[in-house]
1. Give the residue from H112, A130, A59 lying farthest towards the positive end of the charge dipole for the range 42-202; charges sit on Cβ (+1 for Lys and Arg, -1 for Asp and Glu) and the dipole is referred to the Cα centre.
2. Extension gain E81-E142, at 0.36 nm per residue separation less the Cα-Cα distance, in nm?
3. Please work out the Kirkwood hydrodynamic radius for the range 96-170, using every pair of different C-alpha atoms, and report it in angstroms with one decimal place.
4. Expressed as a fraction of 2.2 N^0.38 Å, the rule-of-thumb size for a compact globular protein of N residues, what is the C-alpha radius of gyration of the range 75-121?
5. Assuming a ≥ b ≥ c are the square roots of the Cα gyration tensor eigenvalues, decide whether the range 42-202 counts as rounded (a/c under 1.5), prolate (otherwise, with a/b larger than b/c) or oblate.
6. Between G66 and residues 5 or more places away or on another chain, which pairs have amide H atoms under 5 Å apart, with H built 1.01 Å from N, and which residues are they?
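A short reminder: the numbers here are calculations on the coordinates, not readings from a lab. Everything numeric in this text was worked out from a predicted model, so none of it was measured. Virtual Cβ from ideal backbone geometry, glycine too; neighbours counted across all protein chains shown.
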Amino acid sequence: MKTGSVSNQKPTMGRCENGAARDMIGARPGKIGDGRTMTELRAVSGDITRLAADAIVNAANTSLLGGGGVDGAIHRAAGPELLAACRKLNGCETGYAKATPGFRLPAKWVFHAVGPVWRGGGHNEDQLLASCYRRCLELAREHQARSIAFPAISTGIYGFPARRAAEIAVGAVRASATPNGVEEVDFVCFDSDTLLIYEELLAGPGESDRQ
Ligand code: AR6
């Protein structure tokens, strides 16, 4: 049972469209690095469409032509130019992602990732979900995006269990953010249960802590 929806609140951490610093909530942010680039991983709550990251990630479907959930919110906030840009992409395979500009969003780019539909766990769902996060970080490198915000891909309409998805997300980001030059990663949580999961995971040992 989900409680304490924060859907109408501004993000409580990370940068907002007015550039104001927000208070950090919950556990300390995780930091990882390779000696040259340091990457900060944060759990934030709120609406991803309000974030002024270089790139925000959309939880899209294979058509890339919009839908409900965060996909619908992103299309509404970005304006009709986004759908026109998506039409030119000819869809996207599950586990992959494609980029468009952010148009009327505060974010410069939108990376449209297609997560797997949860079918019980025996249909390559974990690998496909990890692939979404990795591909978005590759897109960040290709578009010189140093900050990126992810929703909890596949955990809404697609039914992926929230904790399992968060573990995959954090693992994939810890492995791939720094090599792709990404300095700030926000995991944007739309409900309090998801926020608690990410806070707990980010408080655990990261790559640099294990060395
Ligand atoms: N900001 C941040 N997170 C959000 C927002 C928001 N504005 N709105 C919802 N979430 P979902 P999926 C959270 O269903 O499971 C669409 O129709 C939500 O609470 O958006 O990957 C697409 O077109 C959940 O934690 O995406 C596809 O057909 C997370 O975002 C299908 O849904 C993902 O929920 C994709 O399903």
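1. H112
2. Fully extending the segment from E81 to E142 adds 19.8 nm.
3. After inverting the pairwise mean of 1/r, the radius is 12.9 Å.
4. 1.29
5. rounded
6. Under 5 Å from the amide H of G66: N61.
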